[in-house]
Amino acid sequence: MVDKIEMEAPKESIFPINEGYIHNYLQLFVNFEENSIYDDVGIYAYGPDENGIMRRFNPIRENIEFNLYPDSAIQLQPDVGC
């Protein structure tokens, strides 16, 4: 649904559209005015170490422009305040 809404007015969209789809859904969790991830979002962002174990931390909350390690996994979870 988000893709459909964004495609209706792509020039007004803050999301880069790639072949009719939002290129990266991580964008939905970013406050572009402050260039940061929203505070109420939990983040698990790790890439594989030299043994393939997901241990290399990607500090994207501290630096949204951090270049992710190859084959990283990012999980985002809305924080409901519990």
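The values are calculated or read from the model by the stated rules, or taken from the named source; none is laboratory data. What you see is a predicted model; the values in this text were computed from it and never measured. A quick note on method: Cβ atoms are made from the backbone with ideal geometry, for glycine too, and the neighbour counts reach across all protein chains shown. Surface accessibility is based on the protein's heavy atoms, side chains included, excluding ligands, DNA and RNA. Shrake-Rupley method; radii C 1.70, N 1.55, O 1.52, S 1.80 Å.
Summary table below
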quantity: Residue satisfying condition, being of a type outside the set (Val, Ile, Thr) and in contact with a Leu (Cβ under 8 Å, 6 or more places away or on another chain), within set Gly52, Gly47; calculated: Gly47
quantity: Residues of the range 20-55 satisfying the condition of being modelled with pLDDT under 60 and in a loop (DSSP other than H, G, I, E, B); calculated: Gly20, His23
quantity: Residue match in the range 56-69 (condition: open to solvent by 70 Å² or more (accessible area, probe 1.4 Å), in a strand (DSSP E or B) and at pLDDT 90 or above); calculated: yes
quantity: Test: residue in the range 58-72 that is in contact with a Pro (Cβ under 9 Å, 6 or more places away or on another chain) and among the basic types (Lys, Arg); calculated: no
